[in-house]
1. Considering only DSSP beta bridges where both residues belong to the range B:1-134, give the percentage that are antiparallel (nearest 5).
2. What does the charge count around B:LEU55 come to, taking other residues whose C-beta lies under 15 Å from its C-beta (Lys +1, Arg +1, Asp -1, Glu -1)?
3. Tally Lys and Arg at +1 and Asp and Glu at -1 over the other residues with C-beta under 13 Å from the C-beta of A:GLN83: what net charge comes out?
4. Only bridges whose two residues both fall in chain B count here: according to DSSP, what percent of them are antiparallel, nearest 5?
5. Report the gain in length on full extension from B:SER227 to B:ALA298: 0.36 nm times residue separation, minus Cα-Cα distance, nm rounded to one decimal.
6. What's the magnitude of the charge dipole for the range B:5-124 around its Cα centre, counting Lys and Arg as +1 and Asp and Glu as -1 at the beta-carbon? Answer in Debye, nearest 20.
7. Can you pull the mean other chain C-beta count within 10 Å for peptide B:148-160?
8. Run the dipole for chain A about the Cα centre, Lys and Arg Cβ at +1, Asp and Glu Cβ at -1, nothing else charged, and hand back the magnitude in debye, nearest 20.
Amino acid sequence: MLLLAIDTSARATAALVRTHGDRTEVLESFSTDRVNAHAEVLAPAIAGMLEQADVSGREIDQIVVGVGPGPFTGLRVGIATAQALGFAWGVPVGGACSLDAVAWEAAAAGAATGRFVAAIDARRRELYWGVYDDAARLVDGPHVGPASAVAGHEVFGAGAGLYPEQLAAAGAQVVAGWTDRQPDAAALAASAARTLAGGGELLGTTPLYLRESDAKVPAAMLKQTGRPA
Amino acid sequence: MSAAPLILGIESSCDETGVGIVRGTELLANTVSTSMEQHVRFGGVIPEIAARAHLETMIPTLQQALDTAGVSLDDVDALAVTSGPGLSGALMVGVAAAKALAAATGKPLYAINHLVAHVGVGVLDGGELPENLGALLVSGGHTEILKVNELTSDVELLGQTIDDAAGEAYDKVARLLGLGYPGGPAVDRIAKEGNPKAIRFPRGLTMPKFVGTADAPGKHRYDFSFSGLKTAVARSVEQYQAKGLEVPVADIAASFQEAVVDVVTKKAVMACTEHGLTSLLLGGGVAANSRLRELLAARCASAGITLRVPKPSLCTDNGAMIAALASQVVSAGVAPTGLGFATDPGQPVTQISLTA
C-alpha cells in the first residue's frame, strides 16, 4: 500500500510511505522548521517528493493528514492540501490525530512503557496533549490546557520541554531526549497504516481545533439581542 | 494553448469561498459559498471563523463549479488563486488548495491580485474593457480608486481609504442603529425612508489641506476616511438617547449613506477627470448600493465618463473574477507563478499576478 502523509500541526512535514505487511518503508520525506511558511513550501515539496520517487499521484492508495490539534492557520494548510490532492487524484483522504505521530515514535523506539503522554505546544502557555497506551493507541484526549493539568505519566514531545516545572508539579515526568519531538508525517503514516491494516477507520478531515475562535460579540450587538454569544 | 484558455479561479480572501470557471471572456461557472451567516452575531467578519468555513466548503464548491461548467479538472488549461490582498488565514486555505491542485495535475498556477480581479471581471459582462479606464472598488474590506493603464501589467493606485473601508463603515453604523448585518443592504433599505439632508455628517478628507488643487494636489486628494464619520454617527445617536428622544434611524441612515456616497463619487469622478480617464468601472460588494449607483451614474454622466457596472454576482467576491483576470494574464503571455509563492495580505495593485 502506498501512502502519502501530511502533517502541519507544528512543522510542515510530508512523507511518501510504502507498507510491506506491518513494516513501512519511507520512500521520500520532507520537513521544514520555517514556521508560517507552510502554505509556501508544502505543495512544492510534495511535487518534488513524487518526482524523486517517480510516483504518479494516482498510484497513491491513501492520503493521511494530521488533523491536529495544532495552531489553526498552519493546520488548515495541510488539510486543504490533502483534500485538494485527494480530489484531483481521486484518492481517499483520511485524518489522524497529529499527536499519534509523536506517540508512535516514542513507542517504536521502546522509550515508552505503560501509559504515557504525547504533548506539543499549543501556545498561550498551554499544551495539546493526549494519553497513549504502550502500543501508541490514544486512550484519552486530545486535550488543550495548561501543563499543570496534564495526566501524571511520562511526557514525550516538544510540549514536554516547555513547562518542565509545571509538569513535574502535576506528577508528570519529562523524558530526556524527547523534549523537542514534533509530529512527523512518516510516523503518522506508520500509525495510520496500522489502523487500516487492522480494519480500523481513519478520522475525517475536520480539524481538531479544541478551541473556539476568539471572536467576541460586540457590546452593541449584545444590547440588541440581550444575550451573550 | 488555444486562444480562449479554460481557467479555474479560486477566491478565499474574506468570507466568500468562490470557485469560478471561464473560457476566455465567457463565464461557465461562478459558485460561491459564504460564511456570512456565521458572522451576523458579531456584526462583522471574524477572520478565524471565515478561515474555518473556507476549509469546510472548498472542495464542495470546487466540485459544484466543475459540475456547473460541465468540465473536468483535466480539461482546465490553467489554475488561478487570490494571493492577496485579504485576510491571511483565509487566503492560505485557497492558496493551499490551489497549489495542491496544480501539484496534482501539473497545470500552470497563477497567483492573482484580488483588487485587480474586481476590475478584470468586467470582461465577463460587456466584453473587452475600454481604454483610459478607471476603477472604483467599494466593499467591506476595500475602498480604492485605480487607474488601469494595462489590465495585465500596469495598474496604479490613485486613492484608498486610510482607515475603515466603506462597507466596514456601513457594518458599524448598522450595528449602532440596530439594523443587523451585513450593514450595506440594511442601511440602504431604511435610508430610502429617511431624509439624506436631515443631518450633515462629515465628509472625510475633503478639507482643502488634504485635497489641494489639481496642479498642487494635497496628500489625500483621492483618499478616503470613514472612521470620523462612524464616530459622528455614534455621537448623534447618543445625543438623541441622552435627551430621551427616539433615535431617527431612517434619517441617520440616509444622512450617513449620503455622506459616504457623496465623497466616494466626488473623488472618483475627480480622479477620472484629472487623469484623462473616460470610463469608470464600479466593483466590490457595495456596488449593489442603490444610492451609490444612482449618484455615481449622475456624476459620471455630467463629467462625460462612461460608467460600467458588472452584474451584482460578479461585483461581490467570487472565483470567476480571479479566473477572468487570469485568463487575460494567460492570453497576454505572462509566465505562471508556480508553486513557491507566499500569500500577501497587503499585496499592492501593482502586483497583478505574482512572478515566480
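1. 60
2. -2
3. Values: positive: A:ARG76, B:LYS99; negative: B:GLU56.
Result for the neighbourhood of A:GLN83: +1.
4. Roughly 60 percent of the beta bridges in chain B run antiparallel, per DSSP.
5. 22.9 nm
6. Working: 5 positive and 11 negative charges, 45 e Å.
Result for the range B:5-124 is approximately 220 debye, rounded to the nearest 20.
7. 0
8. Numbers: 17 positive and 24 negative charges, 187 e Å.
Here the size comes out at about 900 debye.
Quick note: the coordinates plus some simple rules give every number you see, no bench work behind them. Please read all numbers here as calculations on a predicted model, not as lab measurements. Quick reminder, even Gly has a Cβ in these numbers, built from the backbone with ideal geometry, and neighbours come from all protein chains shown.
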